[in-house]
Amino acid sequence: MHPGITVAALARRLGVAPATLRTWDRRYGLGSSDHEAGSHRRYSEADVARLVLMRRLVNTGVPPGAAARTALAAPVDQDDRGVEVDARTQIGAGSLAPIARPAAVVVRGLTQASRSLDAATCSEIVCESIDARGVVWTWEHVLIPVMVEVGRLWESTGRGVEVEHLLSESVIAALSAVSLVRRKVINARPVLLACAELETHSLPLVALGAALAEKNVGVRVLGGRVPPSALISAIQRVGPSAVLLWSSSERTGQPHLLENLPDQRPAPLLLAAGPGWVDPVPTGVVRVTDFAGALDRLVEVARA
Ligand code: B12
């Protein structure tokens, strides 16, 4: 028989305090099934699967009581330690409509899920928020605050780089799911989004790409660290209506990267986006530092 795992080990695995596990046990009966008075709790695979689901639901903003009822009722597949439930169908009383939760709830859930290194829940939370409120709201009210906090933690303690990486990857997956959907676009010449040559921070671009796609603007997102030769080649091949180059720090925002781009007719609108660009940028290049401003400008170009 499997010996089971201890409260401390399970708490570490789930990224919650041991006291939280004891509370869930006391309040909802969601604990170790073979716990006997006087002995230490040991969680079986089935207990763990239910508690993983409980943590996932709570992180996505479901009230603990409702989450516990779902977790207790869920059929457990002990072989792969998974609990096969779709949180939305179980919780929404039969309704598949996404729930527009308050920003603070979503921010808390995403922060908690990222600290638990729970990538699936991070992506789920972002997808649900996008479904309910759209990309722009999600970026501005959820993702920017969570990212800034993660960055602040790293800056002050030097810790949490793994959280930063996992969160970024999960968020990129959720946002890319929006921009990679095939749709009927309003522009014949796509918008091209790329990071400057040494720029790794591609998230704002991916968010912008998703926001444009949501508005049916055809877009190509090249992502992080795009070599100048690759940018030139992409411009020649795509014939874009606009090219936006992102830089988040002065180290990567060298204005010469905006020079000597291919001569195209009609000429694409060239945007230097993000806080990193060192002034002055070449004549004709438009500086954009806010998300909504960049989005409006690009939608306008796509509609022209
Ligand atoms: C996620 C992240 C990463 C991820 C990037 C993943 C990815 N694919 O994007 C990873 C882990 C790879 C990473 C790596 C590094 N990172 Co980093 N990272 C971040 C973090 C947490 C979020 C970045 C982000 O998406 N920001 C977008 C929004 C949230 O921030 P913002 O640009 O300030 O947004 C403002 C405006 O730009 C505007 N805006 C927002 N979105 C958009 C979109 C458009 C189109 C426009 C026009 C405007 C706009 O609105 C905001 C409010 O004014 C930031 C923290 C932070 N405060 O941003 C650090 C941060 C950017 N990173 C930093 C650093 C130092 C690094 C590293 C050098 C070291 C490290 N931490 O490991 C490496 C770089 C490695 C390299 N080779 O280049 C520093 C940069 C400091 C600086 N100014 O130079 C920051 C600020 C952390 C900090 N507090 O010190 N990072």
Query raised in the report: For E36, are the conditions met, namely being more than 31 Å from the chain's Cα centre (by Cα) and at pLDDT below 85?
Result: yes
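Within the group G209, G253, G239, G218, which residue is surrounded by fewer than 22 Cβ atoms within 10 Å (Cβ to Cβ) and free of Cβ contacts under 8 Å to residues at least 60 places away in the same chain? Can you show your working first?
Values: G209 fails: surrounded by fewer than 22 Cβ atoms within 10 Å (Cβ to Cβ); G253 fails: surrounded by fewer than 22 Cβ atoms within 10 Å (Cβ to Cβ); G218 fails: free of Cβ contacts under 8 Å to residues at least 60 places away in the same chain.
Within the list G209, G253, G239, G218, the selection yields G239.
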Report summary line: Reported set for the stretch 212-250 where residues are assigned to a loop (DSSP other than H, G, I, E, B) and either within 12 Å of the ligand (Cβ to nearest atom) or within 16 Å of A273 (Cβ to Cβ) (or both) is V217, L222, G223, G224, R225, V226, P240, S241, S247, S248, S249, E250
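Confirm whether I172 is surrounded by fewer than 19 Cβ atoms within 10 Å (Cβ to Cβ) and among the hydrophobic types (A, V, I, L, M, F, W, C). Walk me through how you get there before you give the answer.
Working: surrounded by fewer than 19 Cβ atoms within 10 Å (Cβ to Cβ): no; among the hydrophobic types (A, V, I, L, M, F, W, C): yes.
Criteria not met by I172.
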Requested in this report: Just give me the residues in the stretch 127-149 being surrounded by 22 or more Cβ atoms within 10 Å (Cβ to Cβ), within 13 Å of the ligand (Cβ to nearest atom) and farther than 17 Å from G160 by Cα, in sequence order.
Outcome: V135, T138, W139, V142
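Kindly indicate which of T121, T157 is modelled with pLDDT of 85 or more, of a type outside the set (D, E, K, R), more than 25 Å from F291 (Cα to Cα) and buried (at least 23 other Cβ atoms within 10 Å of the Cβ). Let's see the steps before the verdict.
Numbers: T157 fails: buried (at least 23 other Cβ atoms within 10 Å of the Cβ).
Just a single option satisfies the conditions, and that option is T121.
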**Report entry** Any pair with Cβ under 9 angstrom, 6 or more apart, that starts in the stretch 142-156 at a residue that is of a type in the set (A, V, I, L, M) and ends at one that is not in a helix (DSSP H, G or I)
**Finding:** V150/G160; L153/R159; L153/G160
Requested in this report: Residues being over 20 Å from P190 (Cα atoms) and either more than 28 Å from the chain's Cα centre (by Cα) or without any contact (Cβ under 8 Å) to a residue 24 or more places away in the chain (or both): count how many of those fall in the stretch 256-283.
Outcome: 10
Report task. Any chance you could count how many residues in the stretch 268-304 are more than 10 Å from the ligand (Cβ to nearest atom), in a loop (DSSP other than H, G, I, E, B) and exposed (fewer than 12 other Cβ atoms within 10 Å of the Cβ)? Result -> 5
Requested in this report: Could you figure out which of (1) within 7 Å of the ligand (Cβ to nearest atom); (2) more than 15 Å from the chain's Cα centre (by Cα) isn't true of P190?
Outcome: (1)
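The values are calculated or read from the model by the stated rules, or taken from the named source; none is laboratory data. Keep in mind that this is a model prediction, so the values were computed, not measured. Because the Cβ atoms are built from the backbone with ideal geometry, glycine has one as well, and the counts that use them run over all protein chains shown.
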